[in-house]
Amino acid sequence: MKANSSKHAAGNTAVLENAQPQTTDTLLVGLDWGTNISSVLASLRGTNETLTKELIPTVVGYANDDVLPGVLPGDAKILVGRMALKHKSNLKLVRPLQGGVIHDTEAAKTFALNLRDLLPTGSREVRAVIGMPASSDLVARENARNAVRGVFHKVLFVPEPFLAALGVRNETQLNDPDYQDPVLNSIYIDIGAGSTDVCLVQGHYPTVDDQLSVPFAGDAIDQIILDRILAEYPESGLTLARVREIKERHSWVLAEDGTTRAIATIMVGGKPRKLDVTAQVGAGCEALLQKTFEMTRELVGRANPDTVAELLRNVIVTGGGSLIKGFGVALQAKLIEEGFESPQVRVLGDNYKDYVAAGALKVARMARENQWQTLLG
Amino acid sequence: MPVAPCTSVLPDRTTELWSTIERSVAEACLLRAEGRAPEAITIVQQTLPALIAEWSRRSGMSSEHCQRTLRELFARVQQQVSTATICKRLVLQSIASGDAAQETTPERFQIQRRVPLHDIPAMLDALDEGERTAQFRRQNFPSRAVRFSPAMALG
Ligand SMILES: Nc1ncnc2c1ncn2[C@@H]1O[C@H](COP(=O)(O)OP(=O)(O)OP(=O)(O)O)[C@@H](O)[C@H]1O
């Protein structure tokens with residue numbers, strides 16, 4: 001996925017435009033702080049114009065002790081995001097988040113400060129709405145608050161599924177009789193790195209009973225794929241990071257011939273060998289498909305029977321895991337096999353990252369003044 | 001509320017004695033309910049007899065009347081203590097099961113009530129309520145609360 005640093009015009013937020021007075025002294029930020037990649041949107045309070053739209057790999061790189069002068073840009077000691085990935089051979093890379101929550105607060109703060117530098121802050125007050133996994137606990141929220149102290153003036157944390165539901169909705173079309181409002185009656189599936197979340201969105205924010213979250217997602221299938229490859233090639237010295245690269249290029253479910261062969265160059269007995277790991281990648285992806293199907297089935301079982309038919313016509317899949325080739329069709333096939341009538345699964349696609357950030361910006365525009373949490377110090 | 005016999009006509013010292021007897025009886029019953037029988041026996045055998053003797057003398061009531069009044073007091077206090085003991089057990093049970101649930105889904109970031117999607121401020125209020133409840137639980141029942149990992153603390 002490519003980051004986009006250009007300035008973008010207004011999004012789908014007309015209904016929200018009168019919520020707050022126009023002030024150019026407050027910058028509103030919507031942030032999807034992802035384990036792998038973060039998406040940020042910013043606009044001035046009271047306006048609909050998006051001033052910043054960025055996708056940044058959530059990674060911080062610390063320069064190795066032995067790096068020679070002139071190698072890193074400006075002889076930097078720390079690089080963040082794409083620059084960190086570009087110079088990874090001279091850096092110790094740290095991912096501040098694990099499973100969607102902050103794992104290294106210092107690296108997270110460095111990342112957040114770098115992110116703020118991308119915003120047109122000037123002397124403005126900066127307020128951010130930040131998505132957090134629904135499964136995150138109080139400690140995770142406290143850590144996130146600590147990480148953005150001194151970065152943003154005011155913050156609000158909101159569960160990611162809420163933000164995604166808000167982000168995916170196009171308020172400008174609500175009066176169009178042909179517009180199918182995606183949040184009136186839908187099943188929303190988010191497959192991230194650390195967790196898979198499935199929730200019912202039926203016109204209201206999902207409550208505890210409307211959600212299922214399991215810590216089984218992209219990272220877990222990387223491990224399955226790695227285990228399978230190691231079972232066959234025990235000396236291959238393959239790392240999880242390399243497996244993830246292979247998976248992201250060659251992931252598949254449903255039809256093996258529909259994908260490009262997953263050929264990995266692996267060191268076996270000290271020599272590079274090209275191995276076909278298509279089947280192993282497929283096995284990991286299939287496990288995720290099966291888990292997602294089971295969660296969907298369970299949640300459908302909890303829904304009001306009168307709503308089920310419509311619910312199944314609106315199954316929305318998002319998150320990096322949804323990019324597995326054939327995932328939507330395969331999930332739909334499984335639902336049909338289960339006996340559900342005419343299910344329709346829609347995969348949001350490559351720009352799935354935009355929805356949570358867009359939802360966060362909508363929340364920032366609508367939050368009451370006294371709801372913002374002020375970060376002191 | 002238990003009422004001292006002939007309160008209106010009793011002189012002050014007698015009222016005072018009756019209050020002390022009531023407190024001592026309640027304490028003895030509570031100690032027994034908590035399994036601290038020796039301490040309860042000490043009150044019944046050492047503290048109460050002298051108090052009761054003086055109160056009987058001063059009350060001006062017949063010894064039969066005094067005994068009946070004392071029996072009623074004991075019965076009433078025992079009833080109160082056993083009700084309180086059941087309540088205490090139920091509260092402790094509910095805290096324990098609440099904590100067990102919390103351990104499986106520790107302070108998740110969710111809302112308990114339905115809020116329409118268009119009402120963003122109401123959603124934020126509902127989240128805030130959940131946050132406050134979780135914080136209250138953590139502050140008041142810290143031993144069962146989610147442990148804070150030093151590795152996660154601000155560096
Ligand atoms: N084409 C692809 N095929 C399969 N998996 C993919 C693909 N692209 C990304 N992923 C996986 O998706 C996961 C990341 O998804 P996403 O960006 O939604 O997560 P995140 O927001 O960073 O993490 P989380 O939601 O857990 O915080 C990773 O495991 C990544 O390897």
Inset, instruction - Go through A:77/A:154; A:109/A:353; A:86/A:271; A:88/A:154 and tell me which ones have a Cα-Cα distance over 23 Å in this structure. - result: A:77/A:154; A:86/A:271; A:88/A:154
Inset, instruction - Would you please state which residues of region A:187-209 a label at residue A:98 would reach in this model, taking the label point 7 Å out along Cα→Cβ and a backbone N cut-off of under 16 Å? - result: A:193-195
Inset, instruction - With an 8 Å cut-off on Cα pairs and a minimum separation of 6 or more residues, tell me the relative contact order of chain A in percent. - result: 19 percent
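Efficiency by 1/(1 + (r/R0)^6): what FRET value for residue A:106 and residue A:341, r their Cβ-Cβ distance, R0 = 60 Å, to the nearest 0.05?
After rounding, the FRET efficiency stands at 0.70.
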Inset, instruction - If a/c stays under 1.5 just call it rounded; otherwise compare a/b with b/c (prolate if a/b is bigger, oblate if not). Do that for region A:282-372, with a ≥ b ≥ c from the square roots of the Cα gyration tensor eigenvalues. - result: oblate
Inset, instruction - Taking H placed 1.01 Å from N in the peptide plane, check which residues at least 5 places from residue A:268 or on another chain put their amide H under 5 Å from its amide H. - result: A:273
Legend entry - Nitroxide proxy distance, nm - points 7 Å out along Cα→Cβ at residue A:304 and residue A:62: 5.4 nm
Legend entry - In region A:228-280, the GluC sites (Glu not before Pro) that fall in loop regions by DSSP, at most 16 other Cβ within 10 Å: A:235
Legend entry - Interchain or long-range residues, amide H under 5 Å from residue A:196's placed H: A:214, A:216
Legend entry - Formal net charge of residues neighbouring residue A:175 (Cβ-Cβ distance under 14 Å; K, R +1; D, E -1): -3
Inset, instruction - Go through region A:99-104 residue by residue and turn each phi into a ³J(HN,Hα) via Karplus (6.51, -1.76, 1.60, θ = phi - 60°); whole Hz please, and just put x for glycine and proline. - result: x, x, 10, 5, 10, 10
Inset, instruction - May I ask for the net charge around residue A:43, where only other residues with Cβ less than 10 Å from the Cβ of residue A:43 are counted and Lys, Arg are +1 while Asp, Glu are -1? - result: +2
Inset, instruction - Please list, or write none, the aspartates and glutamates whose alpha carbon is within less than 15 Å of the alpha carbon of residue A:362, excluding same-chain residues fewer than 8 places away. - result: A:17, A:32, A:49, A:160, A:171, A:354, B:119
Inset, instruction - Go ahead and run the numbers for FRET between residue A:208 and residue A:373, Cβ-Cβ distance against an R0 of 30 Å, rounding to 0.05. - result: 0.85
Legend entry - Burial ordering of B:85, A:296, fewest other beta-carbon atoms within 10 Å first: B:85, A:296
Legend entry - 11 Å beta-carbon shell around residue A:267, net charge (K/R +1, D/E -1): +2
Inset, instruction - Within region A:48-157, list the GluC sites (Glu not before Pro) lying in a DSSP loop whose Cβ has at most 16 other Cβ atoms in a 10 Å radius. - result: A:49
Inset, instruction - Using only atoms on other chains, find how many Cβ atoms lie within 10 Å of each Cβ of peptide A:203-212 and report the average. - result: 5
Inset, instruction - Sort B:66, A:199 so that the residue with the fewest other Cβ atoms within 10 Å of its own Cβ comes first and the one with the most comes last. - result: B:66, A:199
Legend entry - For region A:296-308, Karplus couplings with θ = phi - 60° (6.51, -1.76, 1.60), whole Hz, Gly/Pro x: 4, 4, 5, 5, 4, x, 7, 6, 4, x, 5, 9, 4
Legend entry - Sites residue A:249 and residue B:132, calculated FRET efficiency, Cβ-Cβ separation with R0 45 Å, nearest 0.05: 0.45
Legend entry - Of the trypsin sites (Lys or Arg not before Pro) in region A:57-116, those whose Cβ has at most 13 other Cβ within 10 Å and which sit in DSSP loop: A:77
Inset, instruction - List A:33, A:252 from most exposed to least, where exposure is judged by having the fewest other Cβ atoms within 10 Å. - result: A:252, A:33
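Compute the Rg/Rh shape ratio of the protein assembly as shown: radius of gyration over Kirkwood radius, all on alpha-carbon atoms.
1.17
Read the figures in this text as sums done on the coordinates, not as results from a lab. In this text the structure is predicted, and so the values were computed from the model without any measurement. As a convention, Cβ positions derive from the backbone with ideal geometry for all residues, glycine included, and neighbour counts pool all protein chains shown.
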